[in-house]
Structures are given as structure tokens and as C-alpha cells.
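Single-structure report; data block below.
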Amino acid sequence: MTDKQKITTIYVSAAALSILILLITWLIRPKPTPLEKPQYVEQGISAPLLSLKKDLVLKRQDGRDVKISELKGKVWAFAQFYASCPMCAKRNSQGLKALYDKYKDNPDFVVICITVDPITDGVEQMKSYAEALGADSNNWWFLTGDATALTDYMVNEMKYQSIVKRSDPDEAARLGAFKHDMSIAVYDRNLSMVTRHDLYNARKKGEVFLKGEEGKLHFTVESLLEQK
């Protein structure tokens, strides 16, 4: 082999080796991660968590007697509360209020709040509370009634945890007299609960987590309203 052939062979081999290295590098390169869609969009609407079978008569902030069965055909958000609860005040003025303001013009949407302290929370208290939030009695119901009946309904039918009266005076002064579930549930047109989100406690995990929970909540309501 002549010197020229040797040099040519060396260059060809080097070029082939370079191409091989580039090919291997391209094959083993990290694949770009696709942009993640919000989890609630991927999941869609899940199967109902429960369906309400029994009815309950309660008194609304305008003094009218209403039944849970009147909500059949509506999409509704539900939350426990009581008028003197500082945590409820924050959740209702932010999470529930935002949900209400967004969908209040849709005649098929209603927000339902049932007091866990009906002995203290009468119709007048419900009316004052509703007026402070700018809540129309037609599509945001603040409800009170017989203590035994409404507590039994929320625990045994809606499957909320038992309501506990706080015994520590300092804790009661800071968090309110009663410990209760802070979540917001969404019911479909068949009186079936399809989701629950605790925006109050989600806030403690940071703004990003809170926005994700809010997004899931609003997405569920909007999706159910689109289903006739």
C-alpha cells in the first residue's frame, strides 16, 4: 500500500468513526419530555363516589323550606359551614365565591352550604351571611334546620366525617368551635357526588398545588354543565 493510500485509509476510517460516534450519541440522547397536560384533563369525569337516595327538608336563607331532591337536574357544589367559623369565611369568600361568580349565570348551577351549627345558625344568620357574600337565594343556598336530621344526613348520606366540638378554648378561639370537613363536593344532575376538593388545606401546600385543585374543581363543574 502506498503512502497516499495509507493516508486516505486513515482519513476514511476517522470519518467513519466520527459518523458512528454521532449516530450513537443521537440514539442515546435524552428524549424531550412532552409538556404535561393538567391531570384533571387527562382523567376526565370519574364514576360517581356516591348517590343520594334519601331526601331532606331544610330552611333556606329567605325562609323558604327546600328539599335536596329539588336539586335533581342541577349541577351543584356542596360545602359544610357555620357562620362563626373563621376557616369557612376564608374558603367561602375565596374558593366557593370564585366558583359561584364563574357559573352563577348558568341556570343549571347551584351552590349549597349546610350549617353544622343549626342551633346557633338560624334563618337570620343565614340571610346575613349570604348578603355579605352577594349570594342570590335562587342559586346559592345557605341552609339550616333540625340539628339531628341535618347532621345525620351529612354523615350517613353524604358520607362526611362526624362534626366535633372543640374542647380546647384556645383552639376553638383560633379555628372555630366545631371541627368539620372543609372540602367542596360536586354533584351531577342525578344527585351523585363525582368529586371532592379541599381548597382550604390545599392552600397550605403552596400556590401551585392550590391552583391545580381549583382547576380540577372548575373543570368538573364545567364538564357536568355541558352534559344535558
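Of all residues in the range 201-228, those that are hydroxyl-bearing (Ser, Thr, Tyr) and buried (at least 20 other Cβ atoms within 10 Å of the Cβ) total 1.
Of the residues that make up the range 76-92, is at least one assigned to a loop (DSSP other than H, G, I, E, B), in the same structural domain as MET154 (by TED's automatic domain parsing), modelled with pLDDT of 95 or more and under 19 Å from the mean Cα position of the chain (by Cα)?
Let us first name the residues in the range 76-92 that are assigned to a loop (DSSP other than H, G, I, E, B), namely 82-85.
Narrowing the set further to residues that are in the same structural domain as MET154 (by TED's automatic domain parsing) leaves 82-85.
Next, from what is left, pick out any that are modelled with pLDDT of 95 or more: none.
Within the range 76-92, none of the residues are assigned to a loop (DSSP other than H, G, I, E, B), in the same structural domain as MET154 (by TED's automatic domain parsing), modelled with pLDDT of 95 or more and under 19 Å from the mean Cα position of the chain (by Cα).
Once the range 107-132 is narrowed to residues that are part of a loop (DSSP other than H, G, I, E, B) and of a type in the set (Val, Ile, Thr), the residue that is nearest to SER183 (Cα to Cα) is VAL116. Of everything in the range 118-134 that is in contact (Cβ under 8 Å) with a residue 40 or more places away in the chain and buried (at least 21 other Cβ atoms within 10 Å of the Cβ), the residue that is farthest from LYS67 (Cα to Cα) is TYR129. Candidates in the range 59-75 are the residues that are assigned to a strand (DSSP E or B) and not acidic (Asp, Glu); of these, the one that is nearest to ALA130 (Cα to Cα) is LYS59.
Residue count for the range 44-71 under the criterion of being of a type in the set (Gly, Ala, Ser), at pLDDT 95 or above and in contact with a helix residue (DSSP H, G or I) (Cβ under 9 Å, 6 or more places away or on another chain): the result is 1.
Please enumerate the residues belonging to the range 174-218 that are of a type in the set (Gly, Ala, Ser) and closer than 20 Å to GLN80 by Cβ. Steps first, please.
The first filter runs over the range 174-218 and keeps only residues of a type in the set (Gly, Ala, Ser), leaving 176-177, 183, 185, 192, 202, 206, 212, 215.
Answer for the range 174-218, where residues must be of a type in the set (Gly, Ala, Ser) and closer than 20 Å to GLN80 by Cβ: GLY176, ALA177, SER183, ALA185, SER192, ALA202.
Going by the conditions given, is LEU150 more than 23 Å from VAL66 (Cα to Cα), touching a Pro at 6+ places or on another chain (Cβ under 9 Å) and of a type outside the set (D, E, K, R)? Here the answer is no, as LEU150 does not meet what is asked.
Checked against the criterion of being in contact with a His (Cβ under 9 Å, 6 or more places away or on another chain), closer than 15 Å to PHE81 by Cα and buried (at least 16 other Cβ atoms within 10 Å of the Cβ), the range 158-170 has at least one qualifying residue.
Which members of the range 133-147 meet the condition of being over 23 Å from the mean Cα position of the chain (by Cα) and not acidic (Asp, Glu)? Lay out the reasoning, then the answer.
First pass over the range 133-147, keeping only residues over 23 Å from the mean Cα position of the chain (by Cα): 144-147.
Within the range 133-147, THR144, GLY145, ALA147 meet the criteria.
Would you call ALA98 of a type outside the set (Asp, Glu), at pLDDT 60 or above, under 18 Å from SER137 (Cβ atoms) and surrounded by 12 or more Cβ atoms within 10 Å (Cβ to Cβ)? No; evaluated as a whole, the condition is false for this residue.
The number of residues in the range 55-101 being without any contact (Cβ under 8 Å) to a residue 60 or more places away in the chain and aliphatic (A, V, I, L, M) comes to 2.
The values are calculated or read from the model by the stated rules, or taken from the named source; none is laboratory data. Every value quoted in this text rests on a predicted model; they were computed, and no experiment measured them. Positions of Cβ are generated from backbone atoms using ideal geometry, with glycine treated the same way; all protein chains shown enter the neighbour counts.
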